[in-house]
Every structure is written in C-alpha cells, then in structure tokens.
Amino acid sequence: MKSVFRSFLIGSLMVAGLWACKKETDQILSPDQLITGSYIRIDSTISNEFNFSSIATSSVAWDVRGVGEAISKITVYASATNSSDSSTWRRIKDIQVSDNKARVSVTGQELATALNVAPTALSPGNQYTLFTEVTTTSGRRYSLVNTNSELESAAAYNMAFRLPGTVTCPFDPTGFAGNFRVVTDDWADFSAGDILQVTGATANSVTLLAFPSPAYGTNRQPITISVNPANGRATINPSQYIGDYTFAGVVPSRISTATNRNSYVFSCTGDIILYHVISYGGSNQPVYLLRLKKV
C-alpha cells in the first residue's frame with residue numbers, strides 16, 4: 001500500500017500540474033510534477049465516548065501517526081452540524097507532533113467551547129464528529145477538503161481526518177422499566193409514536209418486548225439487552241429468538257446487535273438506541289435502527 005500511496009496524489013495537484021496534464025500530446029504527468037501528500041492514521045483508539053456525568057472533563061482520544069510527508073501539527077475542528085463542509089468548522093485547538101506521532105484528545109469542555117454551547121448541552125446519544133487537518137513541515141495542509149474520498153473510505157488507510165465521539169451516561173435501572181415511544185424503526189414493524197414496553201431492568205440489562213409486531217407475527221419473545229453500567233453501551237450477543245413472522249408462512253426469526261455500530265441504553269435521558277440485525281428465516285438482513293424514548 002505504501003507504493004500506491006507514494007504514487008497517488010493526496011489532495012489536489014498543484015495548479016501547474018493540473019495544466020500540465022492537458023497538453024497537445026495528452027501525456028501523463030511525470031513524477032516531478034507530483035507532490036507527496038500527508039495524512040494521519042489511527043494507531044489506537046483510547047476512547048470515543050464522552051461521559052455525560054462528568055462531561056466537562058471527560059474526553060475522547062486517539063493515538064495517531066503521520067504517513068507521507070512529515071507533519072508538524074494537527075488542528076482539530078468541530079461542526080455544529082457534523083458537516084464535512086469546512087465553512088462550518090470551528091477550531092478547537094492545535095496539537096503538536098513529536099516524531100510524526102501525536103495523541104488527539106478533546107474534552108467535553110473544549111468541544112462545547114468550540115460550538116459555543118454549555119457542556120451540558122452535549123446530550124447523551126448525540127454523536128459529534130471531530131475533523132482534523134495536518135500541517136506538514138513544509139507548510140502544506142491536508143484534511144478531508146483536499147483528500148480523495150476513496151482513500152478515506154479504504155479501511156487499510158485507517159484515516160483519522162474524521163473522528164466520531166458519542167456522549168454517553170452511566171446506566172441506572174431505577175424506574176427505567178415502562179412504556180417507550182417509537183422514534184425510529186427502520187425495520188418498519190412499528191410507526192413513530194407506537195408504544196413498546198421495557199418489562200424489566202437490572203443493573204446490567206433491560207428486557208424489551210418489540211419484534212415482531214403483532215400485526216406481522218406471533219409467539220413474540222422479550223429481548224434481553226445487556227447494558228454496560230459505566231456508559232450505557234448495549235449488546236445482544238449471542239442472537240436471540242424473537243418470534244415467528246407469519247405474513248409469508250411461519251418464519252422463525254432472531255435478533256442481534258450490529259457489530260459495526262454502537263448501541264446504547266441511556267437511563268439519564270430515557271433513550272434506547274439499538275442498531276440491530278434481524279435473521280429472518282435464517283438470512284441476515286441489513287443493519288437497522290430502532291430508537292425509543294421513555295414516555
């Protein structure tokens with residue numbers, strides 16, 4: 001991959017280079033007309049969650065290193081709309097780099113200051129995107145603005161130009177059981193405003209009666225969702241039998257949490273955010289979101 005990176009221009013070509021690629025001969029750019037770009041990759045994730053119970057001092061952090069031309073600093077930004085449009089970015093701070101490595105760390109207070117809100121306005125369940133920009137030792141700057149999107153989406157590069165942070169809160173089961181209003185059901189068994197029931201809550205789990213909808217199935221079974229008391233992270237693992245869908249014969253079905261999206265149960269706000277996979281007749285469906293709000 002390194003050889004590919006060195007021959008691939010990260011960002012934009014210099015204006016002279018762009019003009020040079022369209023001559024009467026239509027010759028391909030020569031190596032001396034290219035420049036070596038730079039990006040940062042994630043070496044390890046320290047934390048990607050803010051804890052709402054200590055939101056001002058709680059932090060997200062990643063260890064990163066530069067690839068390509070050596071970098072001198074990393075500038076971190078936030079956007080109130082999480083937009084990759086740099087006109088919406090608000091600078092949080094500069095991070096100095098040593099030996100082409102750094103730790104990108106942002107506290108809830110720093111994020112709130114950049115967004116011009118109180119730290120307590122960073123509500124549990126909200127996800128904020130931190131955008132980074134590197135400045136190389138020669139003074140060039142690189143970010144999502146001038147980096148090819150295909151490079152960012154390539155998992156092997158593990159780019160750190162866009163870093164997510166989710167606001168979480170500790171889980172307290174006291175009074176959590178009860179009726180919950182459907183906010184979103186991508187699986188479309190239920191409509192927004194329908195009521196589902198959490199039938200029980202313990203220190204590290206909740207029991208939810210959800211799929212299949214009575215309109216589409218029978219033999220409905222409650223789902224036991226494991227909850228991390230420290231941050232509300234929710235999992236259904238292994239998969240659980242939920243009942244039988246009956247609109248196309250009797251089809252036994254199961255549910256599990258998605259492995260590529262974090263799910264949460266937030267007692268402090270009464271939210272259940274469940275990214276799930278339903279196995280319908282033995283075939284796994286895509287990842288869908290079920291989001292509920294306590295009534």
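Among the residues of the stretch 183-196 satisfying the criterion of being free of Cβ contacts under 8 Å to residues at least 40 places away in the same chain and surrounded by fewer than 15 Cβ atoms within 10 Å (Cβ to Cβ), which is nearest to SER256 (Cα to Cα)?
Here the answer is ALA188.
Look at the stretch 85-125 and say how many of its residues are assigned to a helix (DSSP H, G or I) and either surrounded by 14 or more Cβ atoms within 10 Å (Cβ to Cβ) or touching a helix residue (DSSP H, G or I) at 6+ places or on another chain (Cβ under 9 Å) (or both).
13
Which numbered condition in (1) of a type in the set (Lys, Arg); (2) surrounded by fewer than 17 Cβ atoms within 10 Å (Cβ to Cβ); (3) under 16 Å from THR184 (Cα atoms) is the only one that ARG220 fails?
(3)
Give VAL198, VAL145, VAL183 a once-over and let me know the one that is more than 19 Å from PRO222 (Cα to Cα) and modelled with pLDDT of 95 or more.
VAL183
Among the numbered criteria (1) in contact with a Ser or Thr (Cβ under 6 Å, 6 or more places away or on another chain); (2) modelled with pLDDT of 95 or more, which single criterion is violated by SER38?
Failing condition for SER38: (2).
Scan the stretch 41-91 for residues that are small (Gly, Ala, Ser), over 19 Å from the mean Cα position of the chain (by Cα) and over 26 Å from ALA156 (Cα atoms) and report the count.
Counting residues in the stretch 41-91 that are small (Gly, Ala, Ser), over 19 Å from the mean Cα position of the chain (by Cα) and over 26 Å from ALA156 (Cα atoms) gives 4.
Where the second residue is charged (D, E, K, R) and the first is over 10 Å from ALA201 (Cα atoms) and lies in the stretch 168-182, which pairs have Cβ atoms under 6 Å and are six or more apart or on separate chains?
So the pair list comes out as THR168/GLU49; PHE180/LYS294; ARG181/LYS293; VAL182/ASP194.
The values are calculated or read from the model by the stated rules, or taken from the named source; none is laboratory data. Remember, it's a predicted structure, so these values are computed and weren't measured experimentally. When we count neighbours, we look across all protein chains shown, and the Cβ atoms used for this are built from the backbone with ideal geometry, even at glycine.
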